[in-house]
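First up is the structure itself, then whatever we jot down about it.
The values are calculated or read from the model by the stated rules, or taken from the named source; none is laboratory data. Since the model is a prediction, treat every value here as computed from it, not as a measurement. Please note: Cβ atoms are built from the backbone with ideal geometry, for glycine as well, and neighbour counts cover all protein chains shown. Side chains included, ligands, DNA and RNA excluded: accessible areas come from the protein's heavy atoms. Shrake-Rupley method; radii C 1.70, N 1.55, O 1.52, S 1.80 Å.
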Amino acid sequence: MKRDALVALALRVANALPAAAQSQPFGEDVEVFKVVGKVFALVDTGEGEVVVTLKCAPPHASSLVETHASITPGYHMNKQHWISLGAGDDIDPVLVEDLVGNSYDIVVSLLPRDRRPL
């Protein structure tokens, strides 16, 4: 998947999730997505190598890093709980959609029940 397509897809999927809020606290080249104030995705719209950073369960994260050259431990994040996706032939739209949704689900599951979006 090419960089522009990866960015566009990640932005579209993250924005479509319930109660997702988009902001730019790190500058105009990084879109940060939160649910109830908790970060679940960072999308670099600038020119860096890392494009999308997502929360991921540690066993799943290590498996993805081992099997995909374009997935690395989270850039500037906890390397056990976050992964970063770069553009590459081993990244496809279904994988991106699944990983963004999975990141969102992890963050929502950690919220108190009364604060979870419906």
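General observations
- Test: residue in region 84-93 that is in contact with a strand residue (DSSP E or B) (Cβ under 9 Å, 6 or more places away or on another chain) and free of Cβ contacts under 8 Å to residues at least 24 places away in the same chain: yes
- Residues located in region 46-69, provided they are surrounded by fewer than 18 Cβ atoms within 10 Å (Cβ to Cβ) and part of a loop (DSSP other than H, G, I, E, B): Gly46, Glu47, Gly48, Glu49, Ala57, His68, Ala69
- Scanning region 56-83 for residues that are more than 16 Å from Val30 (Cβ to Cβ) and either among the charged types (D, E, K, R) or under 13 Å from the mean Cα position of the chain (by Cα) (or both) gives Cys56, Ala57, Ala61, Glu66, Ile71, Thr72, Pro73, Lys79, His81, Ile83.
- Restricting region 24-34 to residues that are touching a strand residue (DSSP E or B) at 6+ places or on another chain (Cβ under 9 Å) and surrounded by fewer than 24 Cβ atoms within 10 Å (Cβ to Cβ), the residue that is farthest from Ile106 (Cα to Cα): Asp29
- Among residues of region 10-32 being in contact (Cβ under 8 Å) with a residue 60 or more places away in the chain and under 24 Å from Pro112 (Cβ atoms), the one that is nearest to the chain's Cα centre (by Cα) is Ala14.
- Search result, residues across region 6-21 that are under 17 Å from Val50 (Cβ atoms) and either out of contact with any helix residue (DSSP H, G or I) (no Cβ under 8 Å at 6 or more places or on another chain) or open to solvent by 60 Å² or more (accessible area, probe 1.4 Å) (or both): Val7, Ala8, Leu11
- Condition met for Val43 (more than 30 Å from Pro112 (Cα to Cα), in contact with a Phe, Trp or Tyr (Cβ under 8 Å, 6 or more places away or on another chain), free of Cβ contacts under 8 Å to residues at least 40 places away in the same chain and hydrophobic (A, V, I, L, M, F, W, C)): no
- Residues of region 70-104 classified as in a helix (DSSP H, G or I), polar (S, T, N, Q) and open to solvent by 30 Å² or more (accessible area, probe 1.4 Å), total: 1
- Filter result for Glu31 (under 15 Å from Val96 (Cβ atoms), at pLDDT 95 or above and not hydrophobic (A, V, I, L, M, F, W, C)): yes
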